[in-house]
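K.L.:
Just passing along the structure, written as C-alpha coordinates.
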Amino acid sequence: MKAGMLLAIENLEVRDIPTPEPSAGELLVRVEVCTVCGTDIRVFHHGHKHIRFPRITGHELSGEIVAVGKGVSDYKVGQRVAVAPAIPCGKCYYCRRGMQSMCLHLEAIGYHYDGGFAEYTLIPEVAIRNGCVNLVPANLSYEEAALAEPCSCAINGQELSGVGLGDTVAIVGAGPLGCIHIQLARARGARKVLLVELSEARSEAARRIADPDVIIINPAQEDAAARVAEETEGRGADRVIVACSSGKAQEQALTMVARRGNVNFFGGLPVDQPYIKFDSNLLHYGEFYVVGTHGSAPYQNRLALDLLAAGQVKVKELVTHHIPLDSLREGLRIAEAGEGMKVAIVPGG
Ligand SMILES: [Zn+2]
Ligand SMILES: [Zn+2]
(Lines give C-alpha, C1' and ligand atoms only; values in the text may rest on other atoms or scores of the structure.)
(Ligands and ions follow the chains in the order given, each with its own letter.)
Protein backbone atom coordinates (compact mmCIF):
# COMPACT_ATOMS: atom_id res chain seq x y z
CA MET A 1 0.00 0.00 0.00
CA LYS A 2 0.96 3.63 -0.34
CA ALA A 3 1.68 5.43 2.91
CA GLY A 4 2.90 8.88 3.91
CA MET A 5 5.82 8.06 6.16
CA LEU A 6 7.28 10.68 8.46
CA LEU A 7 10.89 9.44 8.55
CA ALA A 8 12.28 12.24 10.68
CA ILE A 9 11.41 15.84 11.48
CA GLU A 10 10.46 17.57 8.19
CA ASN A 11 11.26 14.42 6.25
CA LEU A 12 8.05 13.05 4.77
CA GLU A 13 7.93 10.49 1.98
CA VAL A 14 5.10 8.64 0.31
CA ARG A 15 6.30 5.04 0.04
CA ASP A 16 5.08 1.62 -0.95
CA ILE A 17 5.00 -0.63 2.08
CA PRO A 18 3.33 -3.99 2.79
CA THR A 19 -0.37 -3.67 3.64
CA PRO A 20 -0.76 -4.66 7.29
CA GLU A 21 -2.89 -7.65 8.28
CA PRO A 22 -5.14 -7.55 11.32
CA SER A 23 -4.07 -9.74 14.24
CA ALA A 24 -6.61 -11.09 16.72
CA GLY A 25 -8.93 -8.33 17.94
CA GLU A 26 -7.86 -5.80 15.29
CA LEU A 27 -9.53 -4.23 12.26
CA LEU A 28 -8.08 -3.21 8.92
CA VAL A 29 -9.68 -0.06 7.51
CA ARG A 30 -9.28 1.25 3.99
CA VAL A 31 -8.86 4.99 4.55
CA GLU A 32 -11.30 7.02 2.46
CA VAL A 33 -10.54 10.45 3.91
CA CYS A 34 -8.04 11.78 6.43
CA THR A 35 -8.28 15.51 7.03
CA VAL A 36 -5.26 17.60 7.96
CA CYS A 37 -5.20 19.05 11.46
CA GLY A 38 -3.00 21.81 12.88
CA THR A 39 -1.23 19.23 15.01
CA ASP A 40 -0.18 17.31 11.87
CA ILE A 41 1.76 20.41 10.83
CA ARG A 42 3.19 20.86 14.31
CA VAL A 43 4.34 17.22 14.31
CA PHE A 44 5.88 17.58 10.85
CA HIS A 45 8.04 20.50 12.02
CA HIS A 46 8.76 19.55 15.61
CA GLY A 47 8.02 15.84 16.04
CA HIS A 48 6.19 14.71 19.16
CA LYS A 49 7.20 13.00 22.38
CA HIS A 50 4.94 10.05 21.59
CA ILE A 51 6.10 9.58 18.00
CA ARG A 52 8.95 7.29 17.09
CA PHE A 53 10.03 7.45 13.46
CA PRO A 54 9.14 6.21 10.97
CA ARG A 55 5.48 6.94 11.63
CA ILE A 56 2.37 7.34 9.48
CA THR A 57 0.59 10.35 10.97
CA GLY A 58 -2.96 11.60 10.43
CA HIS A 59 -5.72 11.18 12.99
CA GLU A 60 -8.96 12.59 11.52
CA LEU A 61 -9.99 9.59 9.49
CA SER A 62 -12.87 7.60 8.15
CA GLY A 63 -13.00 4.56 5.93
CA GLU A 64 -14.37 1.11 5.27
CA ILE A 65 -13.57 -2.05 7.19
CA VAL A 66 -11.87 -4.47 4.79
CA ALA A 67 -10.68 -7.18 7.18
CA VAL A 68 -11.45 -8.21 10.75
CA GLY A 69 -9.07 -10.05 13.05
CA LYS A 70 -9.93 -13.22 14.93
CA GLY A 71 -12.34 -12.70 17.79
CA VAL A 72 -13.84 -9.42 16.54
CA SER A 73 -17.60 -9.87 16.72
CA ASP A 74 -18.99 -6.34 16.85
CA TYR A 75 -17.79 -5.24 13.42
CA LYS A 76 -17.84 -6.71 9.94
CA VAL A 77 -16.27 -6.17 6.54
CA GLY A 78 -17.97 -3.46 4.50
CA GLN A 79 -18.99 -1.23 7.42
CA ARG A 80 -18.26 2.49 7.13
CA VAL A 81 -16.50 3.77 10.22
CA ALA A 82 -15.06 6.90 11.79
CA VAL A 83 -12.21 6.43 14.22
CA ALA A 84 -11.78 8.41 17.43
CA PRO A 85 -7.99 8.65 17.52
CA ALA A 86 -7.43 9.14 21.25
CA ILE A 87 -7.49 5.74 22.91
CA PRO A 88 -8.18 5.60 26.66
CA CYS A 89 -7.07 2.56 28.66
CA GLY A 90 -10.49 2.09 30.25
CA LYS A 91 -8.96 1.14 33.61
CA CYS A 92 -7.13 4.07 35.20
CA TYR A 93 -8.39 6.55 37.81
CA TYR A 94 -9.69 9.03 35.20
CA CYS A 95 -11.21 6.42 32.91
CA ARG A 96 -13.13 4.92 35.82
CA ARG A 97 -14.45 8.38 36.68
CA GLY A 98 -15.70 8.93 33.12
CA MET A 99 -12.92 11.30 32.08
CA GLN A 100 -11.47 9.17 29.30
CA SER A 101 -9.75 12.07 27.55
CA MET A 102 -7.68 12.59 30.72
CA CYS A 103 -6.58 8.92 30.77
CA LEU A 104 -3.20 8.38 32.40
CA HIS A 105 -2.23 5.91 29.68
CA LEU A 106 -3.79 7.68 26.72
CA GLU A 107 -2.49 6.50 23.36
CA ALA A 108 -3.37 7.89 19.96
CA ILE A 109 -3.67 6.77 16.38
CA GLY A 110 -1.17 8.76 14.33
CA TYR A 111 1.15 9.00 17.37
CA HIS A 112 1.66 5.68 19.18
CA TYR A 113 0.09 3.83 16.25
CA ASP A 114 0.24 4.44 12.51
CA GLY A 115 -2.52 6.76 11.34
CA GLY A 116 -4.61 7.78 8.39
CA PHE A 117 -2.24 9.23 5.80
CA ALA A 118 -2.12 5.84 4.07
CA GLU A 119 -4.31 3.63 1.91
CA TYR A 120 -5.01 1.32 4.85
CA THR A 121 -4.73 1.60 8.59
CA LEU A 122 -4.79 -0.98 11.35
CA ILE A 123 -7.08 -0.28 14.30
CA PRO A 124 -5.65 -1.73 17.52
CA GLU A 125 -7.68 -3.93 19.85
CA VAL A 126 -7.55 -1.43 22.73
CA ALA A 127 -9.22 1.19 20.49
CA ILE A 128 -12.03 -1.16 19.54
CA ARG A 129 -12.55 -2.29 23.14
CA ASN A 130 -12.86 1.31 24.33
CA GLY A 131 -15.43 2.47 21.79
CA CYS A 132 -13.17 4.38 19.38
CA VAL A 133 -14.64 2.82 16.23
CA ASN A 134 -18.02 4.31 15.36
CA LEU A 135 -20.32 3.42 12.47
CA VAL A 136 -20.92 6.32 10.09
CA PRO A 137 -24.61 7.29 9.75
CA ALA A 138 -25.89 6.56 6.22
CA ASN A 139 -26.53 10.20 5.32
CA LEU A 140 -22.95 11.32 6.04
CA SER A 141 -20.09 11.30 3.55
CA TYR A 142 -16.67 9.97 4.54
CA GLU A 143 -15.43 13.53 4.49
CA GLU A 144 -18.02 14.67 7.01
CA ALA A 145 -17.35 11.58 9.12
CA ALA A 146 -13.63 12.40 9.29
CA LEU A 147 -14.56 15.82 10.65
CA ALA A 148 -16.38 14.21 13.56
CA GLU A 149 -12.93 14.27 15.19
CA PRO A 150 -12.48 18.07 15.43
CA CYS A 151 -16.19 18.33 16.16
CA SER A 152 -15.80 16.00 19.14
CA CYS A 153 -12.98 18.18 20.49
CA ALA A 154 -15.32 21.17 20.28
CA ILE A 155 -18.00 19.17 22.13
CA ASN A 156 -15.50 18.43 24.88
CA GLY A 157 -14.61 22.12 25.01
CA GLN A 158 -18.18 23.33 25.28
CA GLU A 159 -19.05 20.72 27.88
CA LEU A 160 -16.27 22.10 30.08
CA SER A 161 -17.19 25.68 29.23
CA GLY A 162 -20.76 24.89 30.19
CA VAL A 163 -22.29 26.61 27.17
CA GLY A 164 -26.04 26.60 27.70
CA LEU A 165 -29.47 28.02 27.10
CA GLY A 166 -29.59 31.79 26.68
CA ASP A 167 -25.83 32.32 26.83
CA THR A 168 -23.94 34.91 24.85
CA VAL A 169 -20.88 33.12 23.51
CA ALA A 170 -17.81 34.79 22.04
CA ILE A 171 -15.62 32.65 19.79
CA VAL A 172 -12.14 33.94 19.02
CA GLY A 173 -10.85 32.63 15.69
CA ALA A 174 -12.81 31.62 12.59
CA GLY A 175 -10.81 28.62 11.49
CA PRO A 176 -12.55 25.27 10.97
CA LEU A 177 -12.86 24.80 14.74
CA GLY A 178 -14.22 28.30 15.25
CA CYS A 179 -16.88 27.51 12.64
CA ILE A 180 -17.76 24.28 14.44
CA HIS A 181 -17.86 26.06 17.82
CA ILE A 182 -20.32 28.65 16.49
CA GLN A 183 -22.76 25.95 15.36
CA LEU A 184 -22.32 23.89 18.48
CA ALA A 185 -23.00 26.92 20.68
CA ARG A 186 -26.28 27.42 18.81
CA ALA A 187 -27.12 23.74 19.19
CA ARG A 188 -26.57 24.05 22.94
CA GLY A 189 -28.94 27.00 23.14
CA ALA A 190 -26.76 30.12 22.86
CA ARG A 191 -28.85 33.22 22.32
CA LYS A 192 -26.16 35.35 20.74
CA VAL A 193 -22.85 34.33 19.16
CA LEU A 194 -20.01 36.79 18.62
CA LEU A 195 -17.02 36.00 16.43
CA VAL A 196 -13.70 37.76 16.92
CA GLU A 197 -11.51 37.36 13.83
CA LEU A 198 -8.87 39.46 12.04
CA SER A 199 -9.37 38.05 8.56
CA GLU A 200 -12.38 39.39 6.68
CA ALA A 201 -12.33 36.39 4.35
CA ARG A 202 -12.51 33.94 7.25
CA SER A 203 -15.28 35.92 8.98
CA GLU A 204 -17.33 35.94 5.82
CA ALA A 205 -16.76 32.21 5.33
CA ALA A 206 -17.91 31.62 8.91
CA ARG A 207 -21.02 33.70 8.35
CA ARG A 208 -21.82 31.70 5.23
CA ILE A 209 -20.91 28.22 6.50
CA ALA A 210 -21.65 28.36 10.20
CA ASP A 211 -24.25 30.98 11.05
CA PRO A 212 -25.73 33.91 9.10
CA ASP A 213 -26.57 35.67 12.38
CA VAL A 214 -23.11 35.57 13.93
CA ILE A 215 -21.93 39.04 14.98
CA ILE A 216 -18.48 39.67 13.54
CA ILE A 217 -15.90 41.70 15.42
CA ASN A 218 -12.60 42.60 13.78
CA PRO A 219 -9.99 43.50 16.44
CA ALA A 220 -7.92 45.33 13.81
CA GLN A 221 -10.75 47.79 13.32
CA GLU A 222 -12.25 48.15 16.76
CA ASP A 223 -11.58 47.43 20.43
CA ALA A 224 -12.86 43.87 20.63
CA ALA A 225 -13.50 43.85 24.40
CA ALA A 226 -15.39 47.15 24.19
CA ARG A 227 -17.52 45.78 21.38
CA VAL A 228 -18.26 42.56 23.29
CA ALA A 229 -19.32 44.75 26.25
CA GLU A 230 -21.53 46.80 23.96
CA GLU A 231 -23.22 43.66 22.63
CA THR A 232 -23.91 42.42 26.18
CA GLU A 233 -25.21 45.52 27.98
CA GLY A 234 -21.79 46.02 29.46
CA ARG A 235 -21.51 42.55 31.04
CA GLY A 236 -19.17 40.69 28.70
CA ALA A 237 -19.81 37.30 27.14
CA ASP A 238 -21.02 34.47 29.37
CA ARG A 239 -18.63 32.07 27.64
CA VAL A 240 -15.51 32.95 25.68
CA ILE A 241 -13.79 30.25 23.63
CA VAL A 242 -10.34 31.02 22.24
CA ALA A 243 -10.10 28.79 19.18
CA CYS A 244 -6.72 29.95 17.93
CA SER A 245 -3.16 29.59 19.15
CA SER A 246 -2.43 33.15 20.19
CA GLY A 247 -1.30 34.28 23.62
CA LYS A 248 -2.52 37.79 22.83
CA ALA A 249 -5.97 36.41 22.08
CA GLN A 250 -5.96 34.53 25.40
CA GLU A 251 -4.99 37.69 27.30
CA GLN A 252 -7.70 39.64 25.54
CA ALA A 253 -10.31 36.94 26.20
CA LEU A 254 -9.88 37.55 29.95
CA THR A 255 -11.18 41.09 29.39
CA MET A 256 -14.23 39.95 27.40
CA VAL A 257 -15.87 37.61 29.87
CA ALA A 258 -18.84 38.31 32.13
CA ARG A 259 -18.71 37.99 35.92
CA ARG A 260 -18.92 34.30 36.91
CA GLY A 261 -18.49 33.47 33.21
CA ASN A 262 -16.06 31.04 31.65
CA VAL A 263 -13.06 31.45 29.37
CA ASN A 264 -11.78 28.40 27.50
CA PHE A 265 -8.21 28.28 26.17
CA PHE A 266 -9.20 25.80 23.48
CA GLY A 267 -6.23 26.39 21.18
CA GLY A 268 -2.79 25.42 22.46
CA LEU A 269 0.05 27.96 22.30
CA PRO A 270 3.28 27.45 20.35
CA VAL A 271 5.74 25.28 22.33
CA ASP A 272 8.34 28.06 22.42
CA GLN A 273 5.87 30.80 23.51
CA PRO A 274 3.60 29.24 26.13
CA TYR A 275 3.40 32.17 28.58
CA ILE A 276 0.80 34.92 28.83
CA LYS A 277 0.48 37.94 31.10
CA PHE A 278 -2.72 39.25 32.64
CA ASP A 279 -4.15 41.34 35.42
CA SER A 280 -4.94 38.80 38.14
CA ASN A 281 -7.47 41.17 39.69
CA LEU A 282 -9.70 40.61 36.67
CA LEU A 283 -10.20 37.11 38.03
CA HIS A 284 -10.34 38.19 41.64
CA TYR A 285 -13.16 40.66 41.10
CA GLY A 286 -14.86 39.03 38.11
CA GLU A 287 -15.08 35.60 39.75
CA PHE A 288 -14.95 33.97 36.34
CA TYR A 289 -13.56 30.55 35.48
CA VAL A 290 -10.71 29.73 33.14
CA VAL A 291 -10.51 26.28 31.65
CA GLY A 292 -8.34 24.74 28.97
CA THR A 293 -9.50 21.82 26.89
CA HIS A 294 -8.02 19.57 24.24
CA GLY A 295 -8.91 16.26 22.68
CA SER A 296 -12.06 14.29 23.38
CA ALA A 297 -13.42 11.00 24.64
CA PRO A 298 -14.83 8.24 22.40
CA TYR A 299 -18.45 9.00 23.40
CA GLN A 300 -17.98 12.57 22.17
CA ASN A 301 -16.92 11.25 18.76
CA ARG A 302 -20.11 9.18 18.62
CA LEU A 303 -22.11 12.27 19.63
CA ALA A 304 -20.36 14.35 16.97
CA LEU A 305 -21.43 11.86 14.28
CA ASP A 306 -25.02 12.06 15.55
CA LEU A 307 -25.02 15.88 15.48
CA LEU A 308 -23.54 15.91 11.98
CA ALA A 309 -26.13 13.38 10.81
CA ALA A 310 -28.93 15.49 12.33
CA GLY A 311 -27.62 18.59 10.53
CA GLN A 312 -27.11 20.49 13.79
CA VAL A 313 -23.48 21.01 12.88
CA LYS A 314 -22.56 21.34 9.20
CA VAL A 315 -18.98 20.66 8.14
CA LYS A 316 -19.25 19.85 4.43
CA GLU A 317 -18.26 23.31 3.27
CA LEU A 318 -15.29 23.46 5.63
CA VAL A 319 -13.34 21.20 3.27
CA THR A 320 -11.80 23.44 0.63
CA HIS A 321 -9.10 21.12 -0.78
CA HIS A 322 -9.06 17.45 -1.84
CA ILE A 323 -5.55 16.16 -2.23
CA PRO A 324 -4.32 12.70 -3.30
CA LEU A 325 -1.99 10.87 -0.95
CA ASP A 326 0.93 11.30 -3.37
CA SER A 327 0.71 15.05 -2.74
CA LEU A 328 0.53 14.79 1.05
CA ARG A 329 3.41 17.22 1.53
CA GLU A 330 1.60 19.77 -0.63
CA GLY A 331 -1.58 19.18 1.39
CA LEU A 332 0.27 20.00 4.60
CA ARG A 333 1.71 23.11 2.97
CA ILE A 334 -1.72 24.36 1.89
CA ALA A 335 -3.09 23.80 5.39
CA GLU A 336 -0.12 25.55 6.99
CA ALA A 337 -0.33 28.54 4.64
CA GLY A 338 -4.00 28.92 5.52
CA GLU A 339 -4.90 28.86 1.82
CA GLY A 340 -8.15 27.13 2.61
CA MET A 341 -10.13 25.92 5.59
CA LYS A 342 -9.76 22.17 5.82
CA VAL A 343 -7.57 19.99 3.58
CA ALA A 344 -8.79 16.43 2.94
CA ILE A 345 -6.25 13.78 1.98
CA VAL A 346 -8.00 11.21 -0.21
CA PRO A 347 -5.80 8.10 -0.53
CA GLY A 348 -8.10 6.42 -3.05
CA GLY A 349 -8.01 9.24 -5.58
ZN1 LIG B 1 -7.11 16.95 14.93
ZN1 LIG C 1 -7.23 5.39 31.44
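The values are calculated or read from the model by the stated rules, or taken from the named source; none is laboratory data. In this text, all values refer to a predicted model and were calculated from it rather than measured experimentally. All Cβ positions, glycine included, derive from the backbone under ideal geometry; neighbour counts span all protein chains shown. Calculation scope for accessible area: heavy atoms of the full protein, side chains included, ligands and nucleic acids excluded. Shrake-Rupley method; radii C 1.70, N 1.55, O 1.52, S 1.80 Å.
K.L.:
Working from the pairwise distances between different alpha carbons, so that the mean of 1/r is found and then inverted, what is region 96-193's Kirkwood radius in Å?
P.N.:
15.7
K.L.:
Assuming 0.36 nm per residue, please report the length gained on full extension of the stretch Glu159 to Asn281 beyond their Cα-Cα distance.
P.N.:
Between Glu159 and Asn281, full extension yields an extra 41.3 nm.
K.L.:
In square nanometres and to one decimal, what's the mean projected area of the convex hull around the Cα atoms of region 139-196?
P.N.:
Computing the convex hull of the Cα atoms and averaging its projections yields 4.0 nm².
K.L.:
Evaluate the Kirkwood expression for the hydrodynamic radius of region 167-213, namely the inverse of the mean inverse distance over all pairs of different C-alpha atoms, and round to one decimal in Å.
P.N.:
One decimal place: 10.2 Å for the Kirkwood radius.
K.L.:
Hey, any idea what Rg/Rh is for region 1-119, computing Rh the Kirkwood way over Cα pairs?
P.N.:
0.98
K.L.:
Provide the three semi-axes, in whole Å and in decreasing order, of the ellipsoid equivalent to region 80-151 as defined by the square roots of 5 times the Cα gyration tensor eigenvalues.
P.N.:
23, 14, 10
K.L.:
Check Val214: other-chain or 5+ apart residues with amide H under 5 Å from its amide H, H built from backbone geometry?
P.N.:
Residues meeting the criterion, in which the H sits 1.01 Å from N, do not exist here.
K.L.:
What ranking, highest mean first, results for peptides 157-164, 8-15, 50-57 when packing means the other Cβ atoms within 10 Å averaged over each residue?
P.N.:
157-164, 50-57, 8-15
K.L.:
Leaving out ligands and nucleic acids, and using a 1.4 Å probe, what accessible area per residue does the chain come to in Å²?
P.N.:
44
K.L.:
Out of the DSSP beta bridges found with both residues in the chain, what percent are antiparallel (nearest 5)?
P.N.:
55
K.L.:
Turning to a different aspect of this structure: For the pair Ala8 and Ala310, what calculated FRET efficiency results from E = 1/(1 + (r/R0)^6), where r is the Cβ-Cβ distance and R0 = 41 Å, to the nearest 0.05?
P.N.:
0.40
K.L.:
Here's something else I'd like to know. Enter the angle in degrees (range 0 to 90, nearest 10) between the Cα long axis of helix 148-161 and the first principal axis of the Cα atoms of the chain, meaning the one along which they spread out most.
P.N.:
With rounding to tens, the tilt is 40 degrees.
K.L.:
Would you kindly calculate the translational diffusion coefficient of region 149-299, applying Stokes-Einstein with the Kirkwood radius from alpha carbon pairs, for 25 °C and a viscosity of 0.890 mPa s, and quote it in µm² s⁻¹ without decimals?
P.N.:
Estimated diffusion coefficient is 163 µm²/s.
K.L.:
Below 15 angstrom from the Cβ of Cys89, what's the summed charge of the other residues (Lys, Arg +1; Asp, Glu -1)?
P.N.:
Once all neighbours under 15 Å are counted, the net charge is +2.
K.L.:
Lys and Arg at +1, Asp and Glu at -1: add these up for the other residues within a Cβ distance under 14 Å of Gly25 and post the number.
P.N.:
Result for the local shell: -2.
K.L.:
Once every DSSP H run of n ≥ 4 in the chain is given -39500 (n - 2.57) and the sum is divided by its residues, what mean residue ellipticity at 222 nm do you get, rounded to the nearest 500 deg cm²/dmol?
P.N.:
That comes out to -8000 deg cm²/dmol.
K.L.:
Same structure again: Rounded to two decimals, what ratio of Rg to Rh does region 299-349 give with C-alpha atoms and a Kirkwood Rh?
P.N.:
That ratio is 1.08, to two decimals.
K.L.:
What's the angle, to the nearest 10 degrees (0 to 90), between helix 328-337's Cα axis and the longest principal axis of the chain?
P.N.:
Relative to the chain, helix 328-337 is tipped by roughly 0 degrees.
K.L.:
Assuming 0.36 nm per residue, please report the length gained on full extension of the stretch Thr320 to Ile216 beyond their Cα-Cα distance.
P.N.:
Extra length from Thr320 to Ile216 when fully extended: 35.3 nm.
K.L.:
Still on this model: Between Arg191 and Val290, with labels modelled 7 Å along Cα→Cβ, what's the label distance in nm to one decimal, could you check?
P.N.:
Going by the 7 Å Cα→Cβ label model, 2.8 nm.
K.L.:
Same structure, new question: Which FRET efficiency value, to the nearest 0.05, is calculated for Asp16 and Gln273 with the Förster distance at 41 angstrom and r the Cβ-Cβ distance?
P.N.:
0.55
K.L.:
Counting C-alpha atoms alone, how compact is the chain: give Rg to one decimal and Dmax as a whole number, in angstrom.
P.N.:
20.1, 62
K.L.:
Helix 200-209 sits at what angle to the longest principal axis of the chain, using alpha carbons and giving 0 to 90 degrees rounded to 10?
P.N.:
70
K.L.:
Probe radius 1.4 Å, ligands and nucleic acids ignored: give me the carbon and sulfur share of the accessible area of the chain as a rounded percent.
P.N.:
51
K.L.:
Given 0.36 nm per residue, what is the gain on full extension from Ser73 to Tyr93 after removing their alpha carbon distance, in nm?
P.N.:
Fully extending the segment from Ser73 to Tyr93 adds 4.4 nm.
K.L.:
Can I ask one more? Taking K and R as +1 and D and E as -1, what net charge do the other residues with C-beta under 10 Å from the C-beta of Gln312 add up to?
P.N.:
Around Gln312, the surrounding residues sum to +2.
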